[in-house]
Amino acid sequence: MSEETSPTLMQSLDPRKISNDSDDCATLVEIDRSCRAPLLIFIISGLIWLLIGTGLALIASIKLHNPNFLSGWSWLSFGVVRPAHLNTVIYGFCSETGIAVALWLMCRLCKTPLIHSGIIIIAAVFWNIGLTIGIFGILAGDSTSIEWLELPAYSSPILFISFALIGIWTVIAFRYRREPMLYVSQWYLLAAFFWFPWLYSVANIMLVLEPVHGTLQAAVNWWFAHNVLGLWFTPIGLAAIYYFIPKIIGRPIHSYHLSVFGFWSLALFYNWNGMHHLIGGPLPAWLVTISIVASVMMLIPVVTVAINHHMTMWGHFKAMKNSPTLRFIVVGAMSYTLASLQGIASAIPSYSEVVHFTHHTVAHAHLGMYAFFAMIMFGSMYYIIPRITNREWPSAGLIYIHFWAVFVGMILYIVPLSIGGFLQGLKMNNPDVPFLEVVQMTLPFLKFRTLAGLLMTVGHIAFFANFIWILARCLQPYREPVAMILKGTIGLESKEENS
Amino acid sequence: MNFGPLIFLGIFLSLASSWCGLILIPLFQFGKMEPVTIEMTGEIYPQPKGGEAKQGMSVYRSNGCIYCHSQQVRPRGFGADIERGWGSRRSVGRDYIYDNPVLLGTMRTGPDLTNIGQRQPSEDWHFSHLYDPQITSPGSNMPPYRFLFETRPIRNGVVSENALKLPANFAPEDGFEIVPKKEAKALVAYLLSLQATAPLPEAR
């Protein structure tokens, strides 16, 4: 970003300064260069959180079949490590890489360089400080024990400040865009950046700072927690899918109308879903029923989006072989459909009666957050990082290891644990089976989960190593790549026109 | 197409609608629920937790017991909560009006604890179980909470009154005893306070 072309903060808020002159459009190179520092900060810290979160996950997983493992310290006990895992991967890895991907998509689609990158850098610093304090707080025993909001009251406001900065930046970037046409990804991103601060502040105020009374807390809790998935991660993930699939295979999205329809039906139904986490619970029946209905209505946006993506990919699945980005993104997109269908099923009372309170829910959460969202983030990063660093990925082998380890790992995690959870639920609903027998029955599945987790860990380490390697290359002067890293990859992915 | 402001309005209205529907209306409906007088016994239910039990709730919170234990009994005919003896009736909103945070929980790696104070009223049982669940429940995957206990030398050959009576294979070395720290005492006081037995009319 050169200073002359970048507007001041005030100018960028001034509507008269918006220029639709297409000569003015920034080049892709210019945009990518402007994204470099702020995005790398988010990505580096996001990946460090991923490694920490993976370590915590392994500890928690081992403890469930080996309760004496590391049991001497309160800060490593299961009920502490588990929320620490959730918060590092959700607010650390997923949110930080999600923000990086979202910012980059926003710049690309608005055809503006990342203006005022200072705001984003400050936001990244605040976010990490807030989260670090919060995670230490959880380990020290200050967890709120409110799911998805475990970060103690002294850390969440710091995250909020950071998020407010990013939100303001998005509005400015959007206002100052040089491409008047809006693409569906931008809708999702705008919505996500607007919805999340709202959700986060309302939930923190109503649950942590000035708690409401009684089971209303549970209503606020699940309104928030479900919407973090539906209105924060899902829109970012879908925005990335909508951008990358057409970009990489080089054809437009199948249907504009379906994408519009998919967006509005998601906006309409998803945010009413949360109370299906409380089926059978001590809340008024009407409240839970609304959410069950809304959950079933989610079939509409999910099927719409699935058809749209699938029809776009139709006939081009071979491209997955050569493009790591596409491979991760297509797997993620398919997982989105599966996760949604599993979620809808779990919201139906007769199914919920069995699987609620079991490991089935844990499997489902990982189908959504990992097999869908994390995969999309991995894929997007494979595309973005070479562009903002202007270097090629150093090792095709590591990409290969990464993909197969996490792909096989996630299947071995999700499928057996879904089945195990379902069986656990059946046994639990049979009062003649002693509880300890139910516990024993789950142990093989839990051990298997640890194995799957180890495999995913291998994948994460491979990715991290490749990433550090590319960063190391940034310190050296640029050299033209000598060989293509994956046959055809470069040919496919760098075929971008500046239009 | 350039409908920036319109899209924004739609985005705003969608979340606003569910915020009103799922939070604001319930806030008016049951956000200020009051305790009631139970007809049969004449006592007021529920009562806020006092002293030690209240501190115990915070031990329960900071150790994350909620990630394995729920505190909500589903109605008869939906699951087997009542048949398993986790409650004599379903849980209702009024049971929780004094709880903060409300620890409904979403996981049952361990049993529901709504009425554990009634189901397992023995303090000693709870101390042994927390010290190491294998003592009372072999094969459990509940973690041991040894860090809530203190191992100390027996003074003047007299074993303290509150020292744990442990089976030989769990007992400390000779000359030592294991006593609960104040966190463990508070936690057990909290567990014993979990009863939810009051026959509320709305829970039938």
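Cβ-Cβ below 7 Å, separation at least six or inter-chain, first residue in region A:50-79 and over 22 Å from residue B:148 (Cα atoms), second aromatic (Phe, Trp, Tyr) and surrounded by fewer than 20 Cβ atoms within 10 Å (Cβ to Cβ): which pairs?
Here the result reads A:51/A:464, each pair linking region A:50-79 to a residue that is aromatic (Phe, Trp, Tyr) and surrounded by fewer than 20 Cβ atoms within 10 Å (Cβ to Cβ).
At negative phi, more than 14 Å from every other protein chain (Cβ to nearest Cβ) and crowded, with 19+ Cβ neighbours inside 10 Å: is that true of residue A:41 in this structure?
yes
Filter region B:54-111 for residues that are within 7 Å of chain A (Cβ to nearest Cβ), on the phi > 0 side of the Ramachandran plot and at pLDDT below 95 and give the result.
Correct list: B:79 only.
Residue B:169 is checked against (1) open to solvent by 30 Å² or more (accessible area, probe 1.4 Å); (2) away from chain A (no Cβ under 14 Å) and fails just one. What number does that condition carry?
Of everything listed in (1) open to solvent by 30 Å² or more (accessible area, probe 1.4 Å); (2) away from chain A (no Cβ under 14 Å), residue B:169 misses just condition (2).
What tally of residues in region A:165-193 results from selecting those that are open to solvent by 10 Å² or more (accessible area, probe 1.4 Å), closer than 21 Å to residue B:9 by Cβ and either of a type in the set (A, V, I, L, M) or not in a helix (DSSP H, G or I) (or both)?
Residues in region A:165-193 being open to solvent by 10 Å² or more (accessible area, probe 1.4 Å), closer than 21 Å to residue B:9 by Cβ and either of a type in the set (A, V, I, L, M) or not in a helix (DSSP H, G or I) (or both): 10 in total.
Would you confirm, using the coordinates I've provided, whether residue B:117 is farther than 30 Å from residue B:77 by Cβ and either within 19 Å of the chain's Cα centre (by Cα) or open to solvent by less than 80 Å² (accessible area, probe 1.4 Å) (or both)?
In short, no.
Of B:61, B:90, which residue is touching a residue at least 40 places away in the same chain (Cβ under 8 Å), out of contact with any Gly (no Cβ under 8 Å at 6 or more places or on another chain) and open to solvent by 60 Å² or more (accessible area, probe 1.4 Å)?
Answer to the check: B:90.
Taking region A:271-315 on its own, how many of its residues are farther than 11 Å from residue B:22 by Cβ, crowded, with 16+ Cβ neighbours inside 10 Å and hydroxyl-bearing (Ser, Thr, Tyr)?
3
Just a yes or no: is a residue in region A:230-242 more than 13 Å from every other protein chain (Cβ to nearest Cβ), open to solvent by 10 Å² or more (accessible area, probe 1.4 Å) and assigned to a helix (DSSP H, G or I)?
For region A:230-242, residues more than 13 Å from every other protein chain (Cβ to nearest Cβ), open to solvent by 10 Å² or more (accessible area, probe 1.4 Å) and assigned to a helix (DSSP H, G or I): absent.
Please enumerate the residues belonging to region A:310-325 that are within 14 Å of residue A:244 (Cβ to Cβ), out of contact with any Pro (no Cβ under 8 Å at 6 or more places or on another chain) and either part of a helix (DSSP H, G or I) or of a type in the set (A, V, I, L, M) (or both).
Answer for region A:310-325, where residues must be within 14 Å of residue A:244 (Cβ to Cβ), out of contact with any Pro (no Cβ under 8 Å at 6 or more places or on another chain) and either part of a helix (DSSP H, G or I) or of a type in the set (A, V, I, L, M) (or both): A:313, A:319, A:320, A:324, A:325.
Report yes if residue A:199 is more than 10 Å from chain B (Cβ to nearest Cβ) and either touching a Ser or Thr at 6+ places or on another chain (Cβ under 9 Å) or surrounded by 17 or more Cβ atoms within 10 Å (Cβ to Cβ) (or both), otherwise no.
no
What tally of residues in region A:257-270 results from selecting those that are surrounded by fewer than 24 Cβ atoms within 10 Å (Cβ to Cβ) and free of Cβ contacts under 8 Å to residues at least 60 places away in the same chain?
7
Please state which of the following conditions residue B:152 fails to meet, knowing it meets all the rest: (1) assigned to a helix (DSSP H, G or I); (2) at pLDDT 90 or above.
(1)
Confirm whether residue B:162 is open to solvent by 10 Å² or more (accessible area, probe 1.4 Å), touching a Lys or Arg at 6+ places or on another chain (Cβ under 9 Å) and more than 20 Å from residue A:421 (Cα to Cα).
yes
Exactly one condition in (1) free of Cβ contacts under 8 Å to residues at least 12 places away in the same chain; (2) open to solvent by 50 Å² or more (accessible area, probe 1.4 Å) is not met by residue A:435; state its number.
Going through the list (1) free of Cβ contacts under 8 Å to residues at least 12 places away in the same chain; (2) open to solvent by 50 Å² or more (accessible area, probe 1.4 Å), residue A:435 breaks only (2).
Quick one: in region A:417-432, which of the residues that are open to solvent by 30 Å² or more (accessible area, probe 1.4 Å) and in contact (Cβ under 8 Å) with a residue 24 or more places away in the chain is nearest to residue B:86 (Cα to Cα)?
So the first thing to find is which residues in region A:417-432 are open to solvent by 30 Å² or more (accessible area, probe 1.4 Å), and the list is A:419, A:422-423, A:426-427, A:429-432.
If we keep only those that are in contact (Cβ under 8 Å) with a residue 24 or more places away in the chain as well, we get A:419, A:422, A:426, A:429.
On the way: A:419: 25, A:422: 21, A:426: 17, A:429: 12 Å.
Ranking the candidates gives A:429 first.
Six or more apart or on different chains, Cβ atoms under 9 Å: show the pairs whose first residue is in region A:278-290 and facing another protein chain (nearest Cβ under 8 Å) and over 23 Å from residue A:268 (Cβ atoms) and whose second is assigned to a helix (DSSP H, G or I) and of a type in the set (Phe, Trp, Tyr).
As it stands, the answer is A:282/B:96, since those pairs meet every condition given.
Return the total of residues in region B:182-199 being basic (Lys, Arg) and touching a Phe, Trp or Tyr at 6+ places or on another chain (Cβ under 9 Å). Quick ask: steps written out before the conclusion?
If we filter region B:182-199 for residues that are basic (Lys, Arg), which is where we start, we get B:182, B:185.
Imposing the further condition that a residue be touching a Phe, Trp or Tyr at 6+ places or on another chain (Cβ under 9 Å) reduces the set to B:185.
Total meeting the criteria: 1.
So which of B:7, B:44, B:23, B:38 ends up being farther than 26 Å from residue A:289 by Cα, over 20 Å from the mean Cα position of the chain (by Cα) and either at pLDDT 95 or above or crowded, with 19+ Cβ neighbours inside 10 Å (or both)?
The unique qualifying residue is B:7.
Going by the structure shown, is residue B:25 touching a Pro at 6+ places or on another chain (Cβ under 9 Å), hydrophobic (A, V, I, L, M, F, W, C) and more than 7 Å from every other protein chain (Cβ to nearest Cβ)? So that I can check it myself, show each step before the final result.
Values: touching a Pro at 6+ places or on another chain (Cβ under 9 Å): no; hydrophobic (A, V, I, L, M, F, W, C): yes; more than 7 Å from every other protein chain (Cβ to nearest Cβ): yes.
Spelling it out, it is not the case that residue B:25 is touching a Pro at 6+ places or on another chain (Cβ under 9 Å), hydrophobic (A, V, I, L, M, F, W, C) and more than 7 Å from every other protein chain (Cβ to nearest Cβ).
Would you confirm whether or not region B:130-147 contains a residue that is outside any loop (DSSP other than H, G, I, E, B) and within 15 Å of the chain's Cα centre (by Cα)?
yes
I'm trying to understand the selection: among the residues of region B:158-204, which are assigned to a helix (DSSP H, G or I) and basic (Lys, Arg)?
Within region B:158-204, B:182, B:185 qualify.
In this structure, is residue A:254 under 19 Å from residue A:332 (Cβ atoms) and surrounded by fewer than 23 Cβ atoms within 10 Å (Cβ to Cβ)?
Values: under 19 Å from residue A:332 (Cβ atoms): yes; surrounded by fewer than 23 Cβ atoms within 10 Å (Cβ to Cβ): yes.
Considered against the rule, which asks whether it is under 19 Å from residue A:332 (Cβ atoms) and surrounded by fewer than 23 Cβ atoms within 10 Å (Cβ to Cβ), residue A:254 comes out as yes.
The values are calculated or read from the model by the stated rules, or taken from the named source; none is laboratory data. All of these numbers come straight from a predicted model, not from anything done at the bench. A quick note on method: Cβ atoms are made from the backbone with ideal geometry, for glycine too, and the neighbour counts reach across all protein chains shown. Side chains included, ligands, DNA and RNA excluded: accessible areas come from the protein's heavy atoms. Shrake-Rupley method; radii C 1.70, N 1.55, O 1.52, S 1.80 Å.
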